[in-house]
Amino acid sequence: MKIVELLDRASETLISYEIIPPKRGGSVAQIMEIVASLMEFEPPFIDVTSHSAQVYYEEMPDGTWRRHVKRKRPGTLGLCAAIKGRFGVETVPHLLCRGFTREETEDALIELNYLGIHNVMALRGDDNGFNKPVLFNRSRNEYAIDLVHQIAEMNRGRYLEELIDAAPTDFCIGVAGYPEKHFEAPNLMWDILNLKRKVDAGAHYVTTQMFFDNRAFFHFVERCRDVGITVPIIPGLKILTSKKQLQTLPSRFHVEVPEALAAEVEAARDEQVPEIGIEWALRQCEELLNAQVPCIHFYIMQTAAHVKRVVGALRKMA
Ligand code: FAD
């Protein structure tokens, strides 16, 4: 079922999850265990992130440098198919512009279509030093909107090369939104107008970057509605579980940790931090539930234990 249909049919706020594929050469067992442990909450859908190739340089004995390219976390599509096959849960593979040609993207979409996966998240991805050469007759999507266009065209039966009687795909397309604005955008409204263009190009729903202050989310949703974005907007939440994340989350994801939360975490002993993060997330969830958001989307990084505590508590309250 498509994400927008799931949202449409739900009589209450849904709770979804996002997981990261294992590192190259790692075992899928651990991630399957995480997914299995979430089944008691009957997740409506699970997103699986995508990671483009990265460049690193190795110094050679003669003093020269050799350039290496590798994908640290391949396997998004396979993982989505495995989760859907084993648990019967809808999966949402993330697709990126950066690091992939349009031809590779089309092939990935054809594979997903064959696998019966009809939801995708269209993202630009970040620069990782890897710019695939634009070869003859090959091209890449620059921004997420270009990827949305490509998927929407396939939904109309238009593939990269003209094919007679090509069957249209039927993908439900999600895109990213940023309550605290994307770090490259000059201001929030500029970024929201970019989001509007992605929706106008064919995106069916929005999932947001994590935020720790609900006011940023509510303000963002209001501005989106002001400019005519009418599709569902799903808030993304991450539970803060360590002191280190006071630095790493803002620097990696360009989000603010509110002073009150930061002060509480700084004053606590290390082992107390997860409890503070869980309590904070619970308060965020209660407020979001009261505001009748369509879904709450939890970012799971290494373990589902903290998210499960929050979702378990929310269930008891319901
Ligand atoms: P875009 O919508 O293309 O926007 C990127 C920036 O470019 C914005 O500042 C926008 O305002 C600007 N812009 C857009 N169009 C133009 C234009 N024509 N001219 C000039 N500027 C323009 N990253 C991963 O690598 N893998 C993942 O799986 C992944 N999952 C994510 C899931 C969610 C819900 C979110 C919120 C983010 C995720 N990201 C992921 C991170 C994302 O790839 C980065 O934030 C990236 O920098 C921007 O992606 P985007 O799709 O929002 O890009």
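Read-outs throughout are calculated quantities, based only on the coordinates presented, and are distinct from any laboratory measurement. As the structure is a prediction and not an experimental result, all values here were calculated from the model. No Cβ is skipped: glycine too gets one built from the backbone with ideal geometry, and neighbour counts run over all protein chains shown.
Quick look at the numbers
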read-out: Identity of the residue in segment 154-175, surrounded by 13 or more Cβ atoms within 10 Å (Cβ to Cβ) and free of Cβ contacts under 8 Å to residues at least 24 places away in the same chain, that ends up farthest from the chain's Cα centre (by Cα); value: Ala166
read-out: Restricting segment 193-214 to residues that are surrounded by fewer than 22 Cβ atoms within 10 Å (Cβ to Cβ) and in a helix (DSSP H, G or I), the residue that is farthest from the ligand (Cβ to nearest atom); value: Asn214
read-out: Residue count for segment 30-87, restricted to those that are farther than 15 Å from Ile19 by Cβ and not aromatic (Phe, Trp, Tyr); value: 21
read-out: Tyr17 vs. criteria buried (at least 21 other Cβ atoms within 10 Å of the Cβ), in contact with a Phe, Trp or Tyr (Cβ under 8 Å, 6 or more places away or on another chain) and not in a helix (DSSP H, G or I); value: yes
read-out: Test for Asp8: is it of a type in the set (D, E, K, R), part of a loop (DSSP other than H, G, I, E, B) and without any contact (Cβ under 8 Å) to a residue 60 or more places away in the chain; value: no
read-out: Residue in segment 215-230 that is crowded, with 18+ Cβ neighbours inside 10 Å, of a type in the set (D, E, K, R) and either more than 20 Å from Ile15 (Cα to Cα) or touching a strand residue (DSSP E or B) at 6+ places or on another chain (Cβ under 9 Å) (or both) present; value: no
read-out: Of the criteria (1) assigned to a helix (DSSP H, G or I); (2) farther than 22 Å from Met121 by Cα; (3) touching a Phe, Trp or Tyr at 6+ places or on another chain (Cβ under 9 Å), which one Val257 fails; value: (1)
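The rows are residues; the columns are (1) closer than 20 Å to Thr169 by Cβ; (2) outside any helix (DSSP H, G or I); (3) out of contact with any Cys (no Cβ under 7 Å at 6 or more places or on another chain).
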| residue | (1), (2), (3) |
| --- | --- |
| Lys23 | no, yes, yes |
| Ser37 | no, no, yes |
| Pro43 | no, yes, yes |
| Asp47 | yes, yes, yes |
| Tyr56 | no, yes, yes |
| Pro61 | no, yes, yes |
| Pro74 | no, yes, yes |
| Cys80 | yes, no, yes |
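Residues checked against (1) surrounded by fewer than 19 Cβ atoms within 10 Å (Cβ to Cβ); (2) within 16 Å of the ligand (Cβ to nearest atom):
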position: Met32; (1), (2): yes, no
position: Val35; (1), (2): no, no
position: Met60; (1), (2): yes, no
position: Gly88; (1), (2): yes, no
position: Val92; (1), (2): no, yes
position: Glu103; (1), (2): yes, no
position: Glu111; (1), (2): yes, no
position: Val120; (1), (2): no, yes
